[in-house]
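In what follows, a single structure is set out as structure tokens and then discussed.
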Amino acid sequence: MSAAPQKARAGAEKIDVIVSAVVPLNELVTRFEFTRADDKAFPPFSAGAHTVVEMRDGDRLRLNPYSLMSDPADSSQYAISVRRDDAGRGGSLFMHRSVKVGDRMKISYPVNLFPLDLRGRKHVFLAGGIGITPFMAMIAHLERMGGAWELHYACRNEALGTYVDQLTSRYPNKVHVYFDDRNQAIALEDLLDGQPLGTHVYVCGPKGMIDWVHATAAAHGWPDENVHSEEFLAPQPGKPFEVRLCRSDITIQVGESESLLEAMERCGVDAPFLCRGGACGQCETDVIEADGTFVHRDHWLDDEDHTSGKKIMPCVSRFVGKSLVLDR
Amino acid sequence: MTKFQFPESIRSRPVYGTLEPRPGKAHLMIADAEGAEALLDLATREARLFAQGHIIYIPKTTGETYTQRLRDLGPAQFHVGPTYEASVPRIRRVLSDAHMGLQVYLAGTEGLMGQAQNEAMQAGIPHSAIQTEHRGSVARRMQCVHCKGITEDVVTDPFVCSHCGLNLFVRDHYSRRLAAFQGVCIDAEDPGNLPDPVELYT
């Protein structure tokens, strides 16, 4: 469990913000910039941090994490870049369709699950698609510090290469872009080979890419400590199921398109959370009794925990079966 | 017997493991005295490591006991040094030329492993990724917390600081930065009133 200080409510503290700019970058990605409603400075954040954006979508409250991609040294604004996922659960669609300049929103204080290891002698960034966002902040930070870095950025095609032009014109010698439609691919083995001692590699992108980087680096003798990754999972829909929450003394129904965590919140249970994407471990919940099968989807619990049937991460994992009783 | 099972102690005290072959592009092995046996054992598990291996060995009092057997493992480079201190420039040069994918294996006394680990950490390898295996003497490298002087190869508790002459109690409190345990004056309040020295772990 985390040693985070006890708070009155679950999740990180909230900041009231006003949408100051909505900048479409290409067919799928739009940048949203926020200023504070009280005109104060934003809290400083470390590169790699994310914020959880609260969306009032009719009577539904959506909470989605997005990496902060603005310059960490700029306390006058926060910015996120959101990729529209037409097949997703609707959070990114809401951002794209309904959020306008001047809207008031709530976002959480920044939380960093993907920090730079500043002991590193050199930082190699591997981005896949919208996975570029945390690296925008990391690059700004390292440029200010004079840190050594290089970026290898794989995109589907030129039209969907978010921030490619900006990055290649500013840092022509450090940014390497690979377009899928031209059959260009990151030559990972060559890239890992010959890096100076003390190099750290960071990967943000689809799960396949993250697994590939971890496995290849391990095979090349890289310590785990030097390989960093971040992948936010969106909760996947599944069959509705019923859960008994014994500490709250209620029984709740988890709908097809909501997560277990969202169902708890809808029923007024103040369950802990931070990332809502299976990465941070904050929402880990003990299972009291279960008759059925768990559908574990998180990156937090290890395989042993997954098979034990004693723990579940309600932000992304589900359950299929007769009955489930949780210590919440 | 060259293996010694250290009793469980405070969190600060280093814990050593058993060297295991790991995938890597190059393998740097630094050992002193009976630490050679840990490398010989490693070779029985994966002899091919040594083709990309660089052994830096300090025999200390073991003389020629192990050197030929280590040479027979066929390391790409084999260096026998008179003392750890004399090997430091070589270790630094090897680390400064090294790339990611280097595996570091340390074996032998605590003083050697601690100091070599420190060099590897300063070169950018996380301490948790450096393998260690204790063999041979349980002698310790001690720092006097009063004068900051280092006394090597301490085998009794208490012992006399080789720099300032205070009588020092051997603690398990360890500094990774100094690669030394802390020695604290044992008779500060009543100088001269001290227990008889006993050999460590007897």
Any hit, region A:227-236, residues being under 25 Å from residue A:90 (Cβ atoms), small (Gly, Ala, Ser) and touching a residue at least 24 places away in the same chain (Cβ under 8 Å): yes
Exclusive hit being modelled with pLDDT of 90 or more, crowded, with 16+ Cβ neighbours inside 10 Å and of a type in the set (Asp, Glu), set A:249, A:305: A:305
Matching residues in region A:308-323 - criterion: being among the hydrophobic types (A, V, I, L, M, F, W, C) and either surrounded by 17 or more Cβ atoms within 10 Å (Cβ to Cβ) or part of a loop (DSSP other than H, G, I, E, B) (or both): A:312, A:313, A:315, A:316, A:319
Single condition residue A:61 does not satisfy, out of (1) part of a loop (DSSP other than H, G, I, E, B); (2) over 20 Å from residue A:175 (Cβ atoms): (1)
Counted residues, region A:154-202 - those being under 25 Å from residue B:124 (Cβ atoms) and surrounded by 12 or more Cβ atoms within 10 Å (Cβ to Cβ): 18
Cβ-Cβ under 9 Å pairs, at least 6 apart or on other chains, region A:201-220 side within 14 Å of chain B (Cβ to nearest Cβ), far side of a type in the set (S, T, N, Q) and part of a helix (DSSP H, G or I): A:201/A:226; A:217/A:226
Matching residues in region B:38-57 - criterion: being touching a helix residue (DSSP H, G or I) at 6+ places or on another chain (Cβ under 9 Å) and more than 21 Å from residue B:98 (Cα to Cα): B:40, B:42, B:43
Answer from B:39, B:28 - the residue that is crowded, with 23+ Cβ neighbours inside 10 Å, in contact (Cβ under 8 Å) with a residue 12 or more places away in the chain and not in a helix (DSSP H, G or I): B:28
Count of residues meeting criterion [within 18 Å of the chain's Cα centre (by Cα) and surrounded by 13 or more Cβ atoms within 10 Å (Cβ to Cβ)] in region B:42-66: 10
Cβ pairs under 6 Å, 6+ apart, first in region A:307-328 and among the aromatic types (Phe, Trp, Tyr), second in a strand (DSSP E or B): A:319/A:241; A:319/A:292; A:319/A:294
Boolean, residue A:103 is more than 14 Å from chain B (Cβ to nearest Cβ), touching a residue at least 40 places away in the same chain (Cβ under 8 Å) and acidic (Asp, Glu): yes
Every pair of residues 6+ apart whose Cβ atoms lie under 6 Å, when the first sits in region B:73-101 and is touching a residue at least 24 places away in the same chain (Cβ under 8 Å) and among the aromatic types (Phe, Trp, Tyr) while the second is in a helix (DSSP H, G or I) and surrounded by 15 or more Cβ atoms within 10 Å (Cβ to Cβ): B:84/B:112
Scope region B:50-101; condition hydroxyl-bearing (Ser, Thr, Tyr) and either in a helix (DSSP H, G or I) or touching a strand residue (DSSP E or B) at 6+ places or on another chain (Cβ under 6 Å) (or both); matching residues: B:57, B:61, B:62, B:67, B:84, B:87, B:96
Of all residues making up region A:187-216, the number that are under 13 Å from residue B:99 (Cα atoms) and aliphatic (A, V, I, L, M): 3
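The rows are residues; the columns are (1) more than 24 Å from the chain's Cα centre (by Cα); (2) within 14 Å of chain B (Cβ to nearest Cβ).
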position: A:167; (1), (2): no, no
position: A:170; (1), (2): yes, no
position: A:176; (1), (2): no, no
position: A:189; (1), (2): yes, yes
position: A:198; (1), (2): yes, yes
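The values are calculated or read from the model by the stated rules, or taken from the named source; none is laboratory data. Treat the numbers as computed from the prediction; the structure is a model and nothing was measured. Note that each Cβ is placed from the backbone with ideal geometry, even for glycine, and that neighbours are counted across all protein chains shown.
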